[in-house]
2 protein chains.
Amino acid sequence: MKRKLLFSCLLSAGISARLFAQEAVDQAMVQKIREEGLNHSKVMETAFYLTDVSGPRLAGSPGLKRAQNWAVEQLKTWGMSNAKLESWGKFGKGWEVQKNYAAITVPYYHAIIAIPKAWTPGTGGAIKGDVMVIKADSLPDLDKYKGKLAGKIVIFDTKPLTERTFKADAARYTDEELDKMEKATMAPARQRNAFDPNSPQFAAMRKLRAFRATLGTFLQAEKVALLLSQARGTDGTVFTTNGASYADTAKAVAPELETSSEDYQRILRLVNAGKPVQMEADIKTQFFTDDLQGYDVVGEIPGTDKKLKDQVVMIGGHLDSWHAATGATDNAAGSAVMLEAMRILKTIGFKPKRTIRIALWSSEEQGLFGSRGYVLNHFGDPKTMELKPEQAKLSAYYNLDNGTGKIRGIYLQGDSAAGPIFKSYLEPFKDLGATTVTISNTGGTDHQSFDAVGIPGFQFIQDAIDYGSRTHHSNQDTYDRLVEDDLKQAATIVASFVYNTAQREQMIPRKELPKPQPARGF
Amino acid sequence: MKRKLLFSCLLSAGISARLFAQEAVDQAMVQKIREEGLNHSKVMETAFYLTDVSGPRLAGSPGLKRAQNWAVEQLKTWGMSNAKLESWGKFGKGWEVQKNYAAITVPYYHAIIAIPKAWTPGTGGAIKGDVMVIKADSLPDLDKYKGKLAGKIVIFDTKPLTERTFKADAARYTDEELDKMEKATMAPARQRNAFDPNSPQFAAMRKLRAFRATLGTFLQAEKVALLLSQARGTDGTVFTTNGASYADTAKAVAPELETSSEDYQRILRLVNAGKPVQMEADIKTQFFTDDLQGYDVVGEIPGTDKKLKDQVVMIGGHLDSWHAATGATDNAAGSAVMLEAMRILKTIGFKPKRTIRIALWSSEEQGLFGSRGYVLNHFGDPKTMELKPEQAKLSAYYNLDNGTGKIRGIYLQGDSAAGPIFKSYLEPFKDLGATTVTISNTGGTDHQSFDAVGIPGFQFIQDAIDYGSRTHHSNQDTYDRLVEDDLKQAATIVASFVYNTAQREQMIPRKELPKPQPARGF
């Protein structure tokens, strides 16, 4: 998921989840789904192909293309209709790492743990250089370094970003936490923007971004050999970001390595104490500009009811990841679960009334682009709230993008009328730990794109496991982090939600249409 | 510390720590020590030189020599007497890593986190090769691979060694745990051997070791390009070991990389699923055979009392470390604390009755060799229990080697008569969390060498912090893991123990002399 910048805003409202009434659920069908999802699962095999076999899946990268192509073929193999790649619009350059080596050589040898920042260039072959510490927070601070940085390996004088904790890396929701979510009451602010563009925080963020953007160009112009920036994370875990724009018009920047806190601070302590540090590095990255389009994977189980088959139930998750690992929890997990939900429904021979469609998004990490583009192409424009006919025919969109943890319930995203319906849908899964319906909303991922044009869009509540502490955007987001039982549970529950939504007499009830958002749109 | 193989053996005995009586402690002197130790500490600066500046300190390595030389000079600078390196006997070859690079190149590029096993050779330049999975638990299993391994990168089909936990990496002792230790009663078995040499476990360990030893030679003879072995640890934390003997007569083995669990399992999953994996690597290691001797650092504050100055109080910890990081918690922490205790006592102008001596051991990680050799040279031979005159003049040896955690008390190692004395020594440090005297023993480090020849040898009880989970022998044992306040506290308490022991009318009471141990000696 995209990094969350807004916490759920809880305000008082008159609706309580406790008042939800029952809705009929076909127990025999649920049992079929459970049997296939829990006892004949393919979800780990699917996850293996999306992670280990495909590799890192940065937007526009060959790794993402491998995963997308595999997913399309797999959907076809399972008998889905209309399985294909669909362009959502222009993205930008693809990029991948083709060599990554860096080490301290003086005062002694030590290979560091570090990851090239996404969309940064390589070093143009093996380099060696002295490390130089820069102390600067703004452009004028940089003046004194002009003409002194050529061939240097540059590091900024910054404190560690992550402190030691005495808390467990991994956790599940407690009953108390779930109960609190269930009891939450709120008037959900639509979480379209992370910050109020007029707030001081947003101004500070803009300033920092402007400095960062200028910095890369400055350092490149000064012919810096390599910039080391400090990563969040500890113990060998390195959280990654991008160091330059993916735009085909982006300015050149210096090569930049996101360096583990321990290695970064060691180098900094040595240089600051007057102990010279020399390093060697060999970083090769490759840009891909042959196709600047972004694509989503789509596939369907066609509806069979004459009156309802034009209506659609959608499920999805983003298939793109960051580049330092294989994006197992962010978000091969969600993608594999959604693919598995489709497989389960197909395998048990379900002929839905409404059409069921899966979409695996791309460029979610850069701003939910894959889903936003899809929504713009199919449903409407949140800037103007000009809607297309398809908007009226999509019953609901269900998203999964909060890691490997099992489903504990669902966020209503303020759609109180959906509460009793989902409470009924969850009823058969009490024994699997999924019980909670919360009126609250959650942000940072693709259901928001649907919510923005008035389509019921939902993200499930998932146990965090070690998503925040270890895997989310890190070099440790690998297949090993996946919890098999949790993924099976999630696929089973999603399949059941989709089944129910596809067969329900009415579509899922909607909130009031949002107002146009010309300032920010998506 | 050397890996602990024996848990404390708790048996019933008549002595309880609760019965300990008070012993006079000079409060004014304790106050001086506290002031210097807590408010004018140099312990972090010392730790910086031992870790960041010296680098990895594997036994016999240039890094250890840098740290040893620095420590000797620092002791001299602080005005200590007789500061020098003292040979404890023959160790073997020195070794260090001079280049460490390995990456998957097919099916996509991914640089792996991996550490050359200590005392293994390099790859002889950059190599490329196919990965081949070997399934073998014994020598006969290897027959089918003969003639097929040349130029291959070899990996064994093994499960992950470390499971995900929902427990915190770092912890401190709870009051309940300390209380339990305080109430423990036991007749302490001398923990000289990890295993009974006649036990099935020991036989199994011998067999595994024999296979491992043969394996390295077999793979080398088969001209394997590189062996990947799976490390303990997760999330980028890699625990290291040695892959060959440090003996100057050791047989040649194949190059071997201890590989992070995540990278190892990814490679294994791919190859086992029929997906070819190719890798490239460039590993250079250097052996040093110019000086096969092992050395300890020693230094003194001479005694000033005519009758007592020939008697000695010793403190120490091992200065050597493993090679993947800078051995900050194992055991620059203990070494820095002991150096700092000496500095505190010298700085406050203390003129002890008895001589105070620090010793920073080497080759502890290979079998407590530095302290064992020192004990053999100065005090006696545990095989025969032939003792030297110095044995009768060493009042006590205090050791610190359980990480960065503050002192919570002391293990009596079965020396019940020392209990009331130490209870009094700890009395002024209740406010710093050090209260517990336990009759129990602890193993795995250098106080055992003294205990083995009947000299009171003690290790303090320390909070574990993340010693077991993250730092102990790992690539993450860096300066960042040090807890400044804890080290200051420990140095202050050690200085106070030393002060009291140096001034006490009598030496620290002893247990009965142990019996000769001809079978195993140390």
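The values are calculated or read from the model by the stated rules, or taken from the named source; none is laboratory data. On a predicted model such as this, the values are computed, not experimentally measured, just so you know. When we count neighbours, we look across all protein chains shown, and the Cβ atoms used for this are built from the backbone with ideal geometry, even at glycine. The accessibility values were calculated without ligands, DNA or RNA, using every heavy atom of the protein model including side chains. Shrake-Rupley method; radii C 1.70, N 1.55, O 1.52, S 1.80 Å.
Can you tell me the 0 to 90 degree angle between the C-alpha axis of helix B:369-378 and the longest principal axis of chain B, rounded to 10?
The angle comes out near 40 degrees.
First select every other residue whose beta carbon is under 14 angstrom from the beta carbon of residue A:60; then total the charges, Lys and Arg +1, Asp and Glu -1.
-3
Just to confirm, what accessible area per residue do you get for the range A:379-505 at 1.4 Å probe, in whole Å²?
Spelled out: the 1.4 Å probe surface of the range A:379-505, per residue, equals 21 Å².
Just which residues of the range A:203-241 lose 50 Å² or more accessible area with every protein chain there, against their chain alone, with the probe set to 1.4 Å?
Those residues are A:235.
Which distances, shortest first and in nm, link residue B:272 to the matching position in the other copies, using label points set 7 Å out along Cα to C-beta?
Label-point distances to the other copies, shortest first: 4.5 nm.
For a 27 Å ceiling on Cα separation, which of these pairs sit above it: A:90/A:406; A:183/A:351; A:351/A:393; A:284/B:167?
Beyond 27 Å between Cα atoms: A:90/A:406; A:183/A:351; A:284/B:167.
I need to check one value: relative contact order of the range B:199-263, counting alpha carbon pairs closer than 8 Å and at least 6 residues apart, in percent.
Rounded, it is 41 percent for the range B:199-263.
Long-range amide H contacts for residue A:88: which residues qualify at under 5 Å (H placed 1.01 Å from N, peptide plane, sequence gap of 5 or more or a different chain)?
Residues meeting the amide H criterion: A:294, A:295, A:296.
Which percent of the accessible area of the range B:266-366 is formed by carbon and sulfur heavy atoms (probe 1.4 angstrom)?
The value for the range B:266-366 is 46 percent carbon and sulfur by accessible area.
When the Karplus curve 6.51 cos²θ - 1.76 cosθ + 1.60 is applied with θ = phi - 60°, which whole-Hz ³J(HN,Hα) does each residue of the range A:245-253 get, with x for Gly and Pro?
Using θ = phi - 60°, the values come out as 7, 7, 5, 5, 9, 4, 6, 5, 10 Hz.
Amide H of residue A:462: which non-local residues (sequence gap of 5 or more, or other chain) have their own amide H closer than 5 Å, using H built in the peptide plane?
For residue A:462, whose amide H was placed from the backbone, the distant partners under 5 Å are A:408.
Kindly express, to the nearest 10 degrees and within the range 0 to 90, the angle between helix A:27-39's C-alpha long axis and the longest C-alpha principal axis of chain A.
Approximately 30 degrees, to the nearest 10.
Counting only the heavy atoms of the protein chains, how much of residue A:484 is accessible to a 1.4 Å probe, in Å² to the nearest 10?
Counting only protein heavy atoms, the figure is 80 Å².
What figure in square angstrom, to the nearest 10, would you give for the accessible area of residue A:119 with a 1.4 Å probe?
0
Can you list the residues in the range B:38-82 whose accessible area drops by at least 20 Å² when all protein chains are present, compared with the chain alone? Use a 1.4 Å probe, heavy atoms only.
Residues meeting the cut-off: B:48, B:49, B:52, B:53, B:56, B:66.
Based on the Cα gyration tensor of the range B:367-436, what are the three equivalent ellipsoid semi-axes, each the root of five times an eigenvalue, rounded to whole Å and given largest first?
29, 16, 9
Given the whole protein assembly as supplied and a 1.4 Å probe, what does the accessible area of residue B:485 come to in Å², nearest 10?
110
What number do you get for the range B:86-213 when its Cα radius of gyration is normalised by 2.2 N^0.38 Å, N = residues?
This ratio for the range B:86-213 stands at 1.59.
Starting at the first residue of the range B:119-135, write each ³J(HN,Hα) from the Karplus equation 6.51 cos²θ - 1.76 cosθ + 1.60 with θ = phi - 60°, in whole Hz, x for Gly and Pro.
Ordered by residue, 3J(HN,Hα) equals 6, 9, x, x, 8, x, x, 6, 10, 9, x, 7, 8, 10, 8, 10, 10 Hz.
Quick one: which residues, 5 or more positions from residue B:230 or on another chain, have an amide H under 5 Å from its amide H? H modelled 1.01 Å from N in the peptide plane, none for Pro or chain starts.
Here B:259 satisfy the definition.
Please list 3J(HN,Hα) in residue order for the range B:259-269, calculated via the Karplus relation 6.51 cos²θ - 1.76 cosθ + 1.60 where θ = phi - 60°; whole Hz, with x for glycine and proline.
Values, residue by residue: 10, 3, 3, 5, 6, 4, 5, 5, 4, 5, 4 Hz.
Order A:440, B:41, most accessible first, counting only protein heavy atoms with a 1.4 angstrom probe.
The ordering from most to least exposed comes out as B:41, A:440.
Could you give, in nm with one decimal, how far residue B:138 is from each other copy of that position, shortest first, with labels 7 Å out from Cα toward Cβ?
Shortest to longest, the spacings are 7.5 nm.
Quote the relative contact order of the range B:23-102 in percent (integer), defining contacts as alpha-carbon pairs under 8 Å separated by 6+ residues.
So the answer I get is 25 percent.
Interface size between chain B and chain A, please: total buried accessible area, 1.4 Å probe, rounded to the nearest 100 Å².
So the buried area, both faces added, is about 4100 Å².
Enter the per residue convex hull volume of chain B, computed from alpha-carbon coordinates, in Å³ rounded to the nearest integer.
Per-residue hull volume (Cα only) is 148 Å³.
Measuring from a point 7 Å out along Cα→Cβ, what nm distances, shortest first, does residue B:163 have to its partners in the other copies?
Label-point separations across copies, in nm and ascending: 3.3.
Using the 2.2 N^0.38 Å rule of thumb for compact globular proteins, work out how the range B:366-490 stacks up: its C-alpha Rg over that value, please.
Cα-based Rg divided by the globular estimate yields 1.15.
For chain B, what is the calculated [θ] at 222 nm in deg cm²/dmol (nearest 500), taking -39500 (n - 2.57) for each run of four or more DSSP H residues and dividing by its residue count?
-8500 deg cm²/dmol
Looking at chain A, which longest stretch skips every one of the trypsin sites (Lys or Arg not before Pro) that is in a DSSP loop with at most 12 other Cβ atoms within 10 Å, leaving the sites themselves out?
That gives A:308-519 as the longest site-free run.
If you project the alpha carbons of the protein assembly as shown onto the principal axes, what extent comes out on each, in Å, largest first?
For the protein assembly as shown, the Cα spread along each principal axis is 106, 69, 60 Å.
Identify the residue of chain B whose Cβ lies closest to the rotation axis that maps chain B onto chain A, and give that distance in whole Å.
B:236, 1
Classify the range A:286-389 as rounded, prolate or oblate from the Cα gyration tensor: take a ≥ b ≥ c as the square roots of its eigenvalues, call it rounded if a/c is under 1.5, otherwise prolate when a/b beats b/c and oblate if not.
oblate
Where the accessible area of the range A:408-487 is counted over protein heavy atoms with a 1.4 Å probe, how much of it, in %, is carbon and sulfur?
49
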